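The values are calculated or read from the model by the stated rules, or taken from the named source; none is laboratory data. Given the structure is predicted, the values throughout are model-derived calculations rather than measurements. Every residue, glycine among them, receives a Cβ derived from its backbone with ideal geometry; neighbour counts consider all protein chains shown.
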Amino acid sequence: MTKAAALRARSGWRYRGNVALRTLAGTVGAYAVAALAAMLLARTLPMGRLEAVTVATMFSYLFAPAVTVWAFLARGPWVALGGVIVLSALLAGLVWTSGGFA
Amino acid sequence: MSGASAMVRDGVRQAMAWLHGWTGLLLGYVLFVMCLAGTLSVFKPEIGRWMRPEVTAQADSKSAIVAATGWLSKNAPGSTGWYLTAPDGRANTVEASYDQGSDYLYRALDPVTGAPVARETLGGEFFYRLHFELEIPYPWGRLLASLAAMVMLVALVTGIIAHKRIFKDFFTFRPAKGQRSWLDGHNATGVLAMPFHLMITFTGLLTLASLNMPWPISAGYGDKVMEMYEALAPGSVTRPAAGKPASLAPIAPMLTAAERAFGGGHVGRVYVFNPGDAASVVTVYQSDADTIGYMRGQASFDGTTGRLLKSWVERRPAMRTYQVAYGLHMARFAPMATRWLYVLGGAMLTLAISTGMVLWIAKRRERQPLSIGNRILERLNVGVITGVPLGAVAYFIANRLLPIGMAGRPDAEVSVALWTAAAAVLAGLALRPAIGWPLMMGLLAFACALAAVLGPVWSTEPVLLAGNLLFLAMAGALALIVRRQMRRRNAPTPARRRMREQPA
């Protein structure tokens, strides 16, 4: 079922589950991706520590809405949620190797 | 264009329109309060002057700070800190926050005598705090404001994507056509000032970054957050109290030395830490009216000797960028014309939010009878959209009617504002919207007129005159809208008219 068709059929548990999963990906997921991406930038940007943290913080507000929009445009709800989880895990791994969780 | 790609595109638009509607609905009322209070905060110094009409004395920033510290030395020497904002061409009092015993006080001090002004009020500080704290204790108010700002950012982006003909719609207005008119109004106010809306939302999030996005800070600094604050303002000095009493050295030479350290910049804020202690520190911040960048320079002095300890003028590119973004939100740099553009932008965002909330209902009403949830929303719209401004105007009226010298006067003014807004929301819920809208807007018009009369209306003092004229203009505009509504109540509604014109 295409997304357009799914959104047109606005009833039933299938639709509600779709919206719930995308909402989860687009809120908690979007924030997690933005926060982790900002942590990675804060560790890796080639500038002073405070400047890296500041630039990373400013970028985080661009990442979050982008992920939210994507979560509602992805092919399916599981793709949205899975994509966000995979991306978060990848970023978390990179943050960990760069020492951001220390 | 192939049919498939057109379908995908329409699907994208539909999904974004859906998301735009729900994100807007979710925190629409919170955003309405924030935008209205934020718009009013642009004129925070002028609001302070309207609300303290007895203060006519003027003094330059440095002598006003000297007077204020003189009064505080006698009346609050045991405080852990005095946080002073100097007057400039706009405000004419020193804003002082300090602790006395277990109380934290916010007071406006006379620029010449340094004593608190008789008509105690929070002035514009109420709207300023409401804008990002929403009358909810720390940190929850600021977190809710952050969440609302993030939702706003998503609503703006999805609104842009959902929009089919962004340029054409810009010139489209179809009055008295129900849903279409609301949509046109929503589009006009939303699209016209879109760069402003995006800027103010993004920079607003940034001002609360340490609360809403602390993770990059913890990645960079771990649990040594104090190191970050020291690096952020290298001209500030924090040191513990010595525990030995001492008196402050004269402040005036420190202010002059600070201005020299700023390369000719002006004194904006002066923080005195542990003022009655041998280890006191005086930190002077450059005026935010000097440049767009917020908190550009600081200079710290040993309080007992007046010796310069550290000074700093920000030149790091990333930090300048951050300060400019922050300063763009605060708008303290803005000269008169720019300030009015901020007010216009803020008013349009407030209108975009309120028309969006009304549109949610208008759209659903034309499709089918409203569900119970939407009927409650329809009434909440009346209560909130008229009630929040009504509370704000009641705050100004209370400022004139509450007796001077009354105990807890500043809090009483705030209570009047909050209870008025709460009563208005209840009235909106109780009344049929067809009656609620004109009645509540009529009440708002009356309140605006009353505030102008209490101004008093014959005052020729420029700030009072301007304030009174604005109140009268709002009263007039609202009265005209109410008259139109009353007239239209007897005319056929757009829905009925359309049914007559296009029989099925």
Going by the structure shown, is residue B:129 touching a Gly at 6+ places or on another chain (Cβ under 9 Å) and outside any strand (DSSP E or B)?
yes
Only listed residue being at pLDDT 95 or above and surrounded by fewer than 22 Cβ atoms within 10 Å (Cβ to Cβ), chosen from B:335, B:410:
B:410
So residue B:299, is it modelled with pLDDT under 95 and either more than 14 Å from every other protein chain (Cβ to nearest Cβ) or not in a helix (DSSP H, G or I) (or both):
no
Go through the residues of the range B:251-265 one by one and say whether even a single one is over 23 Å from residue B:317 (Cβ atoms), free of Cβ contacts under 8 Å to residues at least 40 places away in the same chain and assigned to a strand (DSSP E or B).
no
Residue check: is residue B:276 under 29 Å from the mean Cα position of the chain (by Cα) and more than 14 Å from chain A (Cβ to nearest Cβ)?
no
Those residues of the range B:343-381 that are over 17 Å from residue B:185 (Cβ atoms), among the hydrophobic types (A, V, I, L, M, F, W, C) and part of a helix (DSSP H, G or I) come to a total of 5
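Could you check how many residues of the range A:47-85 are assigned to a helix (DSSP H, G or I), within 24 Å of residue B:161 (Cβ to Cβ) and more than 7 Å from chain B (Cβ to nearest Cβ)?
Here the count works out to 15.
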Of the residues in the range B:132-148, those that are within 20 Å of residue B:417 (Cα to Cα), free of Cβ contacts under 8 Å to residues at least 12 places away in the same chain and not in a loop (DSSP other than H, G, I, E, B) come to B:141
Sole residue being small (Gly, Ala, Ser), modelled with pLDDT of 95 or more, out of contact with any helix residue (DSSP H, G or I) (no Cβ under 8 Å at 6 or more places or on another chain) and crowded, with 18+ Cβ neighbours inside 10 Å, chosen from B:249, B:209, B:258:
B:258
Out of B:231, B:252, B:241, report the one residue that is assigned by TED's automatic domain parsing to the domain that holds residue B:83 and within 13 Å of residue B:62 (Cβ to Cβ).
B:252
Pick from B:18, B:50: which is surrounded by fewer than 17 Cβ atoms within 10 Å (Cβ to Cβ) and outside any loop (DSSP other than H, G, I, E, B)?
B:18
For the range B:302-331, which positions are within 28 Å of residue B:345 (Cβ to Cβ) and within 12 Å of another protein chain (Cβ to nearest Cβ)?
B:314, B:317, B:318, B:319, B:320, B:321, B:322, B:323, B:324, B:325, B:326
For the range A:30-40 the number of residues that are more than 16 Å from residue B:146 (Cα to Cα) and facing another protein chain (nearest Cβ under 7 Å) is 2
